[in-house]
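Notes to accompany the following structure.
The values are calculated or read from the model by the stated rules, or taken from the named source; none is laboratory data. Here the structure is a predicted model, which means the values were calculated and not measured. FYI the Cβ positions are ideal-geometry reconstructions off the backbone, even for glycines, and counts take in every protein chain you see. Heads up: the accessible areas ignore ligands, DNA and RNA and are worked out on the full protein's heavy atoms, side chains in. Shrake-Rupley method; radii C 1.70, N 1.55, O 1.52, S 1.80 Å.
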Amino acid sequence: MTTGYVWNTVYGWVDTGTGSLFPSDVTAGLQPISHHLAHPDTKRRFHELVAVSGLLDRMRSIKAVPAGEEDILRVHTAQHLERIKAESLQPKGGDAGDGCSPFGKGGYEIAALSAGGAIELVKQIVAGTVDNGYALVNPPGHHATRATGMGFCMFNNVSVAAAYAKTVLGIERVAIVDWDVHHGNGTQDIWYTDPTVLTISIHQHLCFPPNSGFREERGEGDGYGYAINIPLPPGSGDAAYLHALDRVVEPALRSFDPQLIIVASGFDASILDPLARQMVTSAGFQKFTRRMLDTAADVCAGRIAFVQEGGYSPHYVPYCGVAVLRELLGEEFVDDPYTPIVATMGGDVLLAHEAAAIEEAVPLMAQL
Ligand code: 9RB
Ligand code: ZN
């Protein structure tokens, strides 16, 4: 097995400014802070643990190439692209679209390289030069809709890669499984009327964006049934996520029969994340990866690309990420330093209300 891996130093140079979630504002009592919640150090630390753990040497490094305008325009409007490009030329940069997603001068170049990193990984997986892979890209993408960025996302990286796979590589059906704790609203929006791209989002119900990610959002027109949402209650952990994979995600993938699976891989469902209230551990993420690999082996000759989304604990994200990479490489789980604490907090028990929420999502695959 060969695992591809994408990282570029400038992914660690995303300039999130001096706010924490909102831009700092003395008049509003918003103190400046050195580390925004989405500060890129979290992802850089993940990469550094990949290097120090020796995993980097066991993977095939894939060089990110900036996505071209034609790649971005497959999923975004020209107005969105032009606005990002224009703001990126400003001395102090701009914002992806919602006022809490700042980027610095040249932010466009990093965003294009982030989307391009996802493309390169998918290209090599489809070409068979690697069996599977992980693109540790930044900025993230899953909140970006056709017309705007939001939630720290500029371009929808997984969608740019899926569109590339369809248009350039001739892949007919792509499934995007989003386990970031927030709703993958942008990805859903982009493919909402398209039955050739199945979007599945497992998220903490109503965590972000507001009013988004309901089970009732199922796609429209020809795309009806090809958007699946599995909103989970706060406090869901490894057991609830595994149950959701068992009951909904894996059967849906088997019915849909994609030729490529892309996992929008956020680590903000982790038990130590500051931006959500779920209880997933690194061991959980490794198990989810096993499930996805097994499903991919059955339905699409193992073609599966993991693309980084959120994850805001600089402490714990590196261990969650390394756990996923270990599974891609077929290695055993290795306890991380946090295991003695996080494994005792109860996220490995499926609670009745979690199972009930998941059961409500089971009928959603009937359409496939
Ligand atoms: C703002 C609000 C947020 C909250 C969470 C995220 C996480 C994104 C992520 C991003 C922005 C609300 C600025 C609500 O990790 N995605 O994967 N901002 N929240 N209202 N306002 C004004
Ligand atoms: Zn997230």
Item to check | Filter pass, Ile200 being of a type outside the set (D, E, K, R), under 25 Å from Lys123 (Cα atoms) and within 16 Å of ligand 1 (Cβ to nearest atom) | outcome: yes
Next on the checklist: Quick check on His142: is it open to solvent by less than 10 Å² (accessible area, probe 1.4 Å) and more than 15 Å from Val307 (Cβ to Cβ)?
Outcome noted: no
Next on the checklist: Given (1) under 25 Å from Val130 (Cα atoms); (2) at pLDDT 95 or above; (3) open to solvent by 60 Å² or more (accessible area, probe 1.4 Å); (4) in a loop (DSSP other than H, G, I, E, B), identify the lone condition not met by Met1.
Outcome noted: (2)
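Yes or no, residue by residue, for (1) open to solvent by less than 70 Å² (accessible area, probe 1.4 Å); (2) over 25 Å from Lys85 (Cβ atoms); (3) away from ligand 1 (no atom under 16 Å from the Cβ):
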| residue | (1), (2), (3) |
| --- | --- |
| Trp13 | no, no, yes |
| Gly19 | yes, no, no |
| Ser24 | yes, yes, no |
| His36 | yes, no, no |
| His47 | yes, yes, yes |
| Ser53 | yes, yes, yes |
| Asp57 | no, yes, yes |
| Ile62 | yes, yes, yes |
Checklist entry - Of all strands (runs of 3 or more DSSP E) completely enclosed by segment 199-314, which ones contain at least 2 residues that are touching a Lys or Arg at 6+ places or on another chain (Cβ under 9 Å) and within 16 Å of ligand 2 (Cβ to nearest atom)? => result 227-232
Checklist entry - Could you say whether any residue in segment 288-298 is open to solvent by 10 Å² or more (accessible area, probe 1.4 Å), under 30 Å from His36 (Cβ atoms) and of a type outside the set (A, V, I, L, M)? => result no
Checklist entry - Of (1) touching a His at 6+ places or on another chain (Cβ under 6 Å); (2) more than 14 Å from ligand 2 (Cβ to nearest atom), Glu331 satisfies all except one. Which? => result (1)
Checklist entry - What single numbered condition from (1) more than 16 Å from ligand 1 (Cβ to nearest atom); (2) in a loop (DSSP other than H, G, I, E, B); (3) under 18 Å from Asp268 (Cα atoms) fails to hold for Val130? => result (3)
Checklist entry - What is the number of the single condition among (1) under 21 Å from the mean Cα position of the chain (by Cα); (2) away from ligand 1 (no atom under 16 Å from the Cβ); (3) in a loop (DSSP other than H, G, I, E, B) that Asp335 does not meet? => result (1)
Checklist entry - Is there a residue being more than 16 Å from ligand 2 (Cβ to nearest atom), farther than 17 Å from Leu293 by Cα and assigned to a helix (DSSP H, G or I) anywhere in segment 138-157? => result no
Checklist entry - Does Ala28 fit the bill of being hydrophobic (A, V, I, L, M, F, W, C) and open to solvent by 40 Å² or more (accessible area, probe 1.4 Å)? => result yes
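The rows are residues; the columns are (1) more than 16 Å from ligand 1 (Cβ to nearest atom); (2) open to solvent by 30 Å² or more (accessible area, probe 1.4 Å).
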position: Leu245; (1), (2): yes, no
position: Pro251; (1), (2): yes, yes
position: Gln259; (1), (2): yes, yes
position: Asp273; (1), (2): no, no
